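Novice: Dumping the structure here so I can ask a few things about it.
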Protein chains: 2
Amino acid sequence: MAEFYSKKDLLFQLFENQNSLELIELPYFSDHSEETFKLILDAAEQISVNSLYPIFKEMDRNEPQLVDGKIRIHPKMKSIISQFGEDGWIQSIFSYEEGGQQLPWTIHLCAGFIMQAANYSASVFPFLTTGAANLIRTFGSKELVDRFTPNMYSGKWQGTMALTEPDAGSSLSDLTTSALPTEKAGIFHIKGQKIYISAGDHDACENIIHLMLARIQGAPAGTKGISLFVVPQVREDGKPNDVLTQGIYHKMGYKGAPIAHLMIGSKDACEGYLVGKPNQGLKYMFQMMNEARLGVGMNAVAIATAAFQSSLAYAKERPQGRKLTEKDLNKPQVPIIEHADVKRMLLFQKSVTEGTLALLVYCGILSDKISQEENPEKKKEMHLLLDLLTPIAKSYPSEMGVQCTSAAIQILGGAGYTTDFPVEQYYREARIHPIHEGTTGIHGIDLLGRKVLLEEGLGWKLLQKEIQKTVQEAGEIENLKELTKGFEAILNKFNQGVAQLLFRMNLGPEKYLADATLFLEASGILTVGWMWLRQAITAQKTLSKGNSDQNFYLGKLETARYFMEYELTKIEGLLPRFHSKSFPTLDIKREWL
Amino acid sequence: MAEFYSKKDLLFQLFENQNSLELIELPYFSDHSEETFKLILDAAEQISVNSLYPIFKEMDRNEPQLVDGKIRIHPKMKSIISQFGEDGWIQSIFSYEEGGQQLPWTIHLCAGFIMQAANYSASVFPFLTTGAANLIRTFGSKELVDRFTPNMYSGKWQGTMALTEPDAGSSLSDLTTSALPTEKAGIFHIKGQKIYISAGDHDACENIIHLMLARIQGAPAGTKGISLFVVPQVREDGKPNDVLTQGIYHKMGYKGAPIAHLMIGSKDACEGYLVGKPNQGLKYMFQMMNEARLGVGMNAVAIATAAFQSSLAYAKERPQGRKLTEKDLNKPQVPIIEHADVKRMLLFQKSVTEGTLALLVYCGILSDKISQEENPEKKKEMHLLLDLLTPIAKSYPSEMGVQCTSAAIQILGGAGYTTDFPVEQYYREARIHPIHEGTTGIHGIDLLGRKVLLEEGLGWKLLQKEIQKTVQEAGEIENLKELTKGFEAILNKFNQGVAQLLFRMNLGPEKYLADATLFLEASGILTVGWMWLRQAITAQKTLSKGNSDQNFYLGKLETARYFMEYELTKIEGLLPRFHSKSFPTLDIKREWL
């Protein structure tokens, strides 16, 4: 049994709380079955237990180094990446014609969850390649597909996303990497710098294939003038393509994965191959963005899950102190899991990790359904709902993952602060997620400034409808009436607060968006509260049937209660801001700080 | 100018917002003046800028190692510790007869704040020695004082506090290190293990003087059978005293300070010298505990302050994006300090760091007054108030320091996650404080289970009276009426919640204390809110006088407003728990987790 995640809970989420098997009724996925899904998850567990988890600490202690212009990573990564390729992980979600398995993205995401919980750094290599290959196969010419994707699928070549530049991080519209047309159609000379490129260079693959954003000479300013290119590190003839690794970033955590600083075309000899049409680069990227962002959300859930499991195991074993009602000091000490405050910290982690796993599985299934939906009206609605949920499902797990891993350290006390236990590494690794794929602040603005407003608020309305359905269902179950009442009370207050926030639109964009991050936070709490109501319904139904493993389901009910009473209530602390007409964060001047 | 703290704010806290000069009216401190206080703070800044800050990163990158049974620390620490000794830092708060300067502890604490902000790891050595020496001089015989303290004051010998054992961390009553009487009075053979001993061994001093808790053979069980011993590493004749360094802990942060695992008396040849009377050890320790805990609170404020200053400087320099109202992409990017969400994160840090600095200065002055108070009734009252404030002033900065340093990383984005900037180191270092000197959970129980109840709640009443005085004063200032109203509204709700919590005493200790950590959190927010009301009064008064440096005081007013509207309101998210009659953290069974 793997110690870094709960297989039982993952199967509960996929097959009991939500029905991922609905997907196999869709023609594209129809060769699959519960059995194939489970085989794939077993395979993910196997590679995780056998190859990834054993080097989890090692990869942190021996971080990649730049030696003679090449980044050297952990020597075992070469065989691991090969295995990812051989086992078909990289193209598993692609079609049979492409050598894929037409696997639902949901299952791919959950397989990734297992690997990320085992060793986050090691897990990112194949997922980056999948993302890069997906852009080529979706938007690129047949020539590009044939030339690049087979070696990417096999794990021989690494794929990357090369977006960020020294002066364009959150503000992609300011990127300046240039593309100069050559005589040959579709081939450009690329020149510029890219920073923070994950797996941007390493010695475990023979070539690195960058999916790079750049601006074709004369293109319009801003986001409308950005094009997407394939920029390999090594050309077809085996010669270098003038992509130099200028530096490597040393990071607080997630150290096993190399992050590179690249100089592109410094000798004016870098060829890039245009993907799709000119000036459509950002649009292409953004069509992959929901999956990428949900992927980051899942990374965060995975790390927090591993930390939870680690602190739970410790709390069950470690004796310290006695129950408050025990006065006899000659009695032995009790395991710390008996103390209310330790249970609180465990319930906090359990409620966040299992609640967000439920949310990501929900989003995964929605995404798979969208990909196969033929009714345009229905497809649009589902898309709006997923668009709305994406910043939430990215940010809430990311922000809370930081707090969960912190709670895991706290449970271990001084031991948790030492490198003798893995929780401090989880804590360091978890801190990247509120930054990756758009900071939390950016997602707040995305949610309140864009997603909530799309199509006259249709996505928001759809979310409310879905939540209402759950409330209705839960309210009819005797045992869940109290829980449902608690949820509904906060839901109503939340919606009144949102109405107040929307009024601020009259005051202009700055005031409207001043508290967008807090709105995102409250939306996250509410959404995960909804997920807990769903889980409580499922658990109660199973219990009513007299399932033999009562503990698991009773734990779900109690954790739902914890979430409603300790986490959902935090919305009350955010609401005063939504009703406020005062804006200290706008009024403060930089000279006053 | 030092870049890791705001000297202006420190002087504001000591001489304007609170009047530390009241202390020089007390005979013991009467040789001091504003000038001597400032000279001492300048000296602290000087050693910080010249010696501590320059090796802040180095000490993290080259952590201490155990080589041939001896811990080797950064080579510069030898001369730094000597300088601490020569400059009189170690015994500065002690009396003239002892070679001290009769410096108020408040000023010592604030000098420490500067050093800790510069380099937390380097700063702990002299403070540990001061604490250990203080126990010897207060409770030890003249012989022990004469034998040990002079070399401790000079920095030649290191002092430590040796409490924790493998099976007794939070539960000190379970410690088992034994003390066997010898023929010589006051000399015992000590045998046992101590873990997590800060500066427990290193090569920058010639001897390590442990103030160690142990149990004299036949002593009663529990805390009533614990005695305090001086256990030197090297005996008077220069021979080893059978204190072996069994191991060194490698930690996530705060790496420059060595934490040792000690084997004591494994060859039955360790001598310990009894301090004071038998079985009084824990009582002695606890008489020093307020200062030790407030010291940890200050460490947390210091690190969070350094992180705040670092992210503030970055936010002022780093261009990224444009104002939401700016549609012209040809306009240059603005510094990120112009974005509302960045300002929110800066205000968060500013409000927490300056609010907690105010609280610790308040506690420091109170502590100094207590030490000189001769009226026993008054002394008792002041003591009750300080006892009550101590868990708050330790825990709120510790818990919020974690969040502040996290916000500092977030402001820097990807850059903040790299080791190119110091914020990631602050984040790693800050994580120790919710653990040091009692975990947050322990302090919650201490506050609600003990401090609130002492003398029929007299301490609590005194705190409320002090808060009311401030509310009254602020309410009379036109410009602060709105602010005061906001504070009062939450204060009233908080007090209603507290009354509900107190009712739970009827339900037994487990239910009464189930939410003690949340009560501690709410008390922390309220107390710091009170500190902001005080600062707002001071700032408004100065502004009314037409001070030339308006920016500083306008910043104080705006930050007070931020705190009331964004932080104080978080109490609303905690209150539902105080009114609840349901206890998920008690009801959950370990098999369900």
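The values are calculated or read from the model by the stated rules, or taken from the named source; none is laboratory data. Please read these numbers as outputs of a predicted model, since none were measured by experiment. Heads up, the Cβs are rebuilt from the backbone with ideal geometry, glycines too, and the neighbour counts pull from every protein chain shown. Side chains are part of the model used for accessible areas, which takes the heavy atoms of the whole protein and leaves out ligands, DNA and RNA. Shrake-Rupley method; radii C 1.70, N 1.55, O 1.52, S 1.80 Å.
Novice: In the range B:136-212, what trypsin sites (Lys or Arg not before Pro) fall in a loop by DSSP, with at most 10 other Cβ atoms inside 10 Å?
Specialist: Those satisfying the criteria are B:LYS184.
Novice: May I ask you to report, in nm to one decimal and beginning with the shortest, the distances from A:LYS70 to the same position in the other copies, taking label points 7 Å along Cα-to-Cβ?
Specialist: 4.4
Novice: Would you list the membrane-span-like helices of chain B, meaning whole DSSP H runs whose alpha-carbon atoms span at least 24 Å along their axis and whose mean Kyte-Doolittle value is at least 0.0?
Specialist: In chain B, the long hydrophobic H runs are B:120-139, B:289-317, B:340-372, B:376-412, B:481-503, B:516-544.
Novice: While we're on this one: Can you send over the solvent-accessible area of A:LYS485, 1.4 Å probe, protein chains only, in Å² to the nearest 10?
Specialist: Per-residue accessible area (A:LYS485): approximately 130 Å².
Novice: Then there is this: Can you pull the one-decimal nm distance between simple spin-label points at B:SER371 and B:GLN46, each 7 Å off the Cα toward Cβ?
Specialist: Label at B:SER371, label at B:GLN46, 2.3 nm between them.
Novice: Could you work out the relative contact order of the range A:159-279? I mean the mean sequence separation of Cα pairs under 8 Å and 6+ apart, divided by the number of residues, in percent.
Specialist: 32
Novice: Then there is this: How much of A:VAL49 can a 1.4 Å solvent probe reach, expressed as accessible area in Å² and rounded to 10?
Specialist: Taking all protein chains as shown, A:VAL49 has close to 60 Å².
Novice: Could you tell me the largest-minus-smallest coordinate of the C-alpha atoms of the protein assembly as shown on each of the three principal axes, in descending order and whole angstroms?
Specialist: If we take the Cα atoms of the protein assembly as shown, the spans are 91, 71, 61 Å.
Novice: Given the DSSP H assignment, sum -39500 (n - 2.57) over each helix run of at least 4 residues in chain A and divide by its residue total; what's the result at 222 nm in deg cm²/dmol, nearest 500?
Specialist: Taken over chain A, the calculation gives -17500 deg cm²/dmol.
Novice: Averaged over its residues, how many other protein chain Cβ atoms are within 10 Å of peptide A:394-404's Cβ atoms? Can you show the working numbers first?
Specialist: Details: counts 0, 0, 0, 0, 0, 2, 0, 0, 6, 3, 0.
Mean partner shielding for this stretch: 1.
Novice: Please go through the range A:509-593 and write out the trypsin sites (Lys or Arg not before Pro) that DSSP classes as loop and that have at most 14 other C-beta atoms within 10 Å.
Specialist: On the way: sites: A:LYS511, A:ARG534, A:LYS541, A:LYS545, A:LYS556, A:ARG561, A:LYS570, A:ARG577, A:LYS581, A:LYS589, A:ARG590; in loops: A:LYS545, A:LYS581, A:LYS589.
Taking the range A:509-593 and a limit of 14 other Cβ atoms within 10 Å, the loop trypsin sites (Lys or Arg not before Pro) found are A:LYS545, A:LYS581, A:LYS589.
Novice: Here is a further query. May I ask for the Kirkwood hydrodynamic radius of the range A:159-279, worked out over all distinct Cα pairs and given in angstroms to one decimal?
Specialist: Kirkwood radius, the range A:159-279: 14.4 Å.
Novice: Set the Förster distance to 30 Å, then compute FRET efficiency between B:GLN500 and A:ASN479 from the Cβ-Cβ distance, nearest 0.05.
Specialist: Computed FRET efficiency for B:GLN500 and A:ASN479: 0.70.
Novice: Now a separate question. In this model, which of A:LYS581/B:LYS394; B:LYS481/B:LYS556; B:LYS8/B:LYS331 are farther than 24 Å apart at the alpha-carbon? Don't skip to the end; give the middle numbers.
Specialist: Working: A:LYS581/B:LYS394 34 Å; B:LYS481/B:LYS556 16 Å; B:LYS8/B:LYS331 35 Å.
Beyond 24 Å between Cα atoms: A:LYS581/B:LYS394; B:LYS8/B:LYS331.
Novice: Continuing with the same structure: Got the A:GLU473 label distances to the other copies yet, label 7 Å along Cα→Cβ, in nm, shortest first?
Specialist: Result, one decimal in nm: 5.9.
Novice: Here's something else I'd like to know. Please work out the C-alpha center-to-center distance from the range A:111-183 to the range A:39-97 and express it in whole Å.
Specialist: When both Cα centres are located, 16 Å separates them.
Novice: Run the numbers for A:GLU25 and A:ASP328: contour at 0.36 nm per residue of separation, minus the present Cα-Cα distance, in nm.
Specialist: Taking A:GLU25 through A:ASP328 to full extension adds about 102.9 nm, to one decimal.
Novice: How many partner chain Cβ atoms sit within 10 Å of a residue's Cβ in peptide A:536-546, on average, as a whole number?
Specialist: 0
Novice: Among the GluC sites (Glu not before Pro) in the range A:433-482, which ones are in a DSSP loop with at most 13 other Cβ atoms within 10 Å of the Cβ? Mind listing them?
Specialist: A:GLU476
Novice: While we're here: For A:THR36 and B:SER173, what is the calculated FRET efficiency with R₀ set at 51 Å and r taken between the beta-carbons, to the nearest 0.05?
Specialist: 0.35
Novice: How would B:HIS210, B:HIS250 rank on accessible area, largest to smallest, probe 1.4 Å?
Specialist: Per-residue accessible area, sorted high to low, gives B:HIS250, B:HIS210.
Novice: Given the convex hull of the Cα atoms of the range B:285-365, what is a quarter of its surface area in nm²? Could the numbers behind the result be given before it?
Specialist: Working: hull surface 24.6 nm².
For the range B:285-365, the mean projected area of the Cα convex hull comes to 6.1 nm².
Novice: Let me ask something else about it. For B:GLU58, tell me the accessible area in Å² from a 1.4 Å probe, rounded to the nearest 10.
Specialist: Ignoring ligands and nucleic acids, B:GLU58 comes out at about 80 Å².
Novice: Please report, in cubic angstrom per residue, the volume enclosed by the convex hull of the alpha-carbon atoms of chain A.
Specialist: Per-residue hull volume (Cα only) is 182 Å³.
Novice: Another question, if that's okay. Taking the Cβ of B:GLY444 as the centre, find all other residues whose Cβ is under 9 Å away and add up their charges (Lys, Arg: +1; Asp, Glu: -1).
Specialist: Net of charged neighbours comes to -4.
Novice: As a check on your reading of the symmetry: which chain B residue has its Cβ nearest the axis that brings B onto A, and how far is it in Å?
Specialist: B:GLY573, 1
Novice: Separate question: So for the range B:288-579, Kirkwood radius off the Cα pairs, Stokes-Einstein at 25 °C and 0.890 mPa s: how many µm² s⁻¹?
Specialist: Result for D is 122 µm²/s.
Novice: Defining the label point at 7 Å along Cα→Cβ, can you sort the distances from A:PRO27 to the same site in each other copy, shortest first, in nm?
Specialist: 10.0
Novice: Here's a follow-up. Can you give the charge dipole size of chain B about its Cα centre, rounded to the nearest 20 debye, using +1 on the beta carbon of Lys and Arg and -1 on the beta carbon of Asp and Glu?
Specialist: 1180
Novice: So, one more: Cα centroids of the range A:406-482 and the range B:353-381: how far apart, whole angstrom?
Specialist: 42
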